[in-house]
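Every number in this text was worked out from the coordinates using simple rules, so none of it is lab data. Because the structure is predicted, anything quoted here is derived from the model rather than measured. Note that we place each Cβ from the backbone using ideal geometry, even for glycine, and neighbour counts take in every protein chain shown.
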Amino acid sequence: MPRVHAFGDDHLQDLDAVGLVEAYRDGLSVIDVVEAAIARAHAVDDQLGALAYEAFDRARAEARSPHPGYFSGVPTFLKDNVDVAGMPTQNGTDAYVAGPAAADGDFARMYFATGLLALGKTRLSEFGFSGAVDHPRLGPVRTPWNPEHYAGASSAGAAAFVATGVVPIAHANDGGGSIRIPASVNGLVGLKPTRGRLAQDRSMRQMPVRIVSDGVLTRSVRDTAAFYREAEKVYRDPRLAPVGDITRPGRGRLKVAVVTRGIGRDASPEVAALTLQTAALLESLGHQVEEIDPPVPAFFADHFVLYWSMLAMMIVRTGRRSFGPTWDPAQLDNLTLGLARHCRRNLHKLPVAIATMASSKHLAARHHAAYDVTLTPTLATSTPRVGHLDPTADYEQVMDRLMEWVAFTPLQNATGEPAISLPLATTSEGLPQGMMLGAGAGREARLLELALELEQAVPWPRIQAG
């Protein structure tokens with residue numbers, strides 16, 4: 001199928017977020033840019049299904065006097081699992097009816113303090129559990145690179161809108177890969193930061209092991225770097241070294257571990273070969289590259305799935321108290337219900353799973369004492385076609401297919417370390433295939449410097465060029 005995009009000769013052009021900031025300083029109108037972004041959303045959303053909630057009139061009003069900050073007036077979307085005053089937080093489910101949030105959550109307050117201007121909210125898989133957004137009633141979110149395939153998840157709507165040029169930057173968050181998965185699928189830059197790097201809503205902070213990290217999806221490394229620079233002016237965890245202002249590649253040469261075997265599943269032959277091509281690129285740039293076995297045992301996947309399923313069980317058990325009188329668990333999809341059943345049947349194993357998750361940071365610290373960076377594919381196989389992860393299908397089938405695909409990203413959610421997906425490869429089907437670079441806790445600056453170097457060496461494919 002032909003690619004879908006909204007790039008054209010309007011006020012947005014093909015500017016990234018930093019480019020828009022510079023254009024505003026030269027006199028470009030925020031009002032005109034916001035109107036262009038709204039028009040682009042209307043143009044592509046019927047084909048992609050990315051929009052969860054539109055706040056276009058609100059955005060038009062704010063465009064007349066945008067909030068201050070470096071990104072003042074840059075249009076964006078937030079994922080529909082964080083609170084934004086006046087917008088419902090529906091979490092991708094039909095199991096309740098959300099009313100407007102009374103106030104911005106902690107993340108949204110920090111996000112808006114950078115000057116970003118929200119056009120609304122984007123779709124996610126139900127409570128973020130699946131690696132693909134495929135809703136029984138609303139249907140899938142499709143990648144603009146080929147709408148016969150998924151746009152990933154759970155931040156699929158954000159990725160689709162950034163990839164098509166509706167906005168240059170959008171909020172995403174990542175509890176098992178949900179920044180990096182849609183970045184890989186849609187040819188974007190997706191950095192999952194170190195645990196605690198950014199402000200988070202209370203529901204995310206209350207987890208026994210804080211596996212979820214908020215962040216952004218962008219089309220350029222400089223946009224991601226600028227976001228973290230500006231965000232830490234608003235919120236800073238004193239336990240972490242600052243990211244700072246990363247504008248050029250690092251000078252030091254790095255020791256890079258290369259891993260093509262995932263947690264319990266291996267990369268497909270094609271994806272493994274693409275990963276080794278990226279390793280060769282790093283070596284050609286002067287980095288020291290060594291292929292190694294996975295740094296964690298295969299049984300780690302079972303512990304992660306059990307912890308993940310505990311979150312589903314808690315939602316099922318506390319839904320009415322958390323989401324109000326409209327709560328109807330019969331409307332939950334088979335993956336959410338299957339995860340909850342899995343946890344109930346394995347409650348006796350849960351303490352060990354939680355302890356394994358919590359202690360994984362020590363194993364990761366030992367690994368990154370030996371290696372500066374770890375290269376893996378972001379995803380183990382090419383992007384599935386729509387229907388492959390049908391949420392109405394049998395739970396065991398969906399879960400097996402999901403784990404076959406998402407075999408690399410969950411590790412950093414457990415360890416709390418940062419990892420970035422970059423659009424460094426393309427499959428034989430012509431679809432983006434992200435490559436993931438991980439580093440030790442607090443080392444986002446190192447990842448961004450290396451990402452800038454790779455972006456200069458191999459400019460990303462452009463969706464509008466096809």
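Backbone geometry of region 268-283 corresponds, through the Karplus equation with coefficients 6.51, -1.76 and 1.60 at θ = phi - 60°, to 3J(HN,Hα) couplings of 5, x, 5, 5, 4, 5, 5, 5, 5, 5, 5, 4, 5, 4, 4, 5 Hz, x marking Gly and Pro. Computed over the Cα atoms of the chain, pair by distinct pair, the Kirkwood hydrodynamic radius stands at 21.8 angstrom. In terms of its C-alpha gyration tensor, region 140-235 has an oblate overall shape, because the principal axis ratio a/c (a ≥ b ≥ c, square roots of the eigenvalues) is not below 1.5 and a/b does not outweigh b/c. Gain on full extension, evaluated as 0.36 nm per residue between VAL97 and GLN288 minus their Cα-Cα distance, stands at 63.4 nm. Our note on the geometry: Cα centres of region 163-218 and region 341-371, 21 Å apart.
Each Lys and Arg Cβ is given +1 and each Asp and Glu Cβ -1; about its Cα centre, region 17-465 then shows a dipole of about 1160 debye.
For ALA101, nonlocal amide neighbours, meaning residues 5 or more places apart or on other chains whose placed amide H falls under 5 Å from its own, are VAL84, GLY86, MET87, THR89.
Fewest-first ordering of SER309, SER184, SER284, SER220 by other beta carbons within 10 Å of each residue's beta carbon gives SER284, SER220, SER309, SER184. Computed from the C-alpha gyration tensor, the three semi-axes of the ellipsoid equivalent to region 266-328 are 43, 15, 11 Å, from longest to shortest. How big is the gap, in Å, between the Cα center of region 74-127 and the Cα center of region 50-71? Using only Cα atoms, the two centres lie 12 Å from each other.
Between ALA358 and ARG3, the contour length at 0.36 nm per residue exceeds the alpha carbon distance by 123.6 nm. Here region 193-215 is scanned for amide nitrogen atoms under 15 Å from the site 7 Å beyond the Cα of ARG236 along Cα-to-Cβ, giving 197-199. Phi angles across region 288-304 convert, under the Karplus curve 6.51 cos²θ - 1.76 cosθ + 1.60 with θ = phi - 60°, into 3J(HN,Hα) values of 8, 10, 9, 7, 9, 6, x, x, 10, x, 4, 5, 4, 4, 5, 5, 5 Hz, Gly and Pro given as x. Quick one: grab the alpha carbon gyration tensor of region 1-160, order the square roots of its eigenvalues as a ≥ b ≥ c, and give me rounded if a/c is under 1.5, else prolate or oblate depending on whether a/b is larger than b/c. Oblate shape, in that a/c is at least 1.5 and b/c is the bigger or equal ratio. What shape does region 321-409 have by the C-alpha gyration tensor, where a ≥ b ≥ c are the square roots of the eigenvalues, rounded means a/c under 1.5, and otherwise prolate means a/b greater than b/c and oblate the rest? Oblate shape, in that a/c is at least 1.5 and b/c is the bigger or equal ratio.
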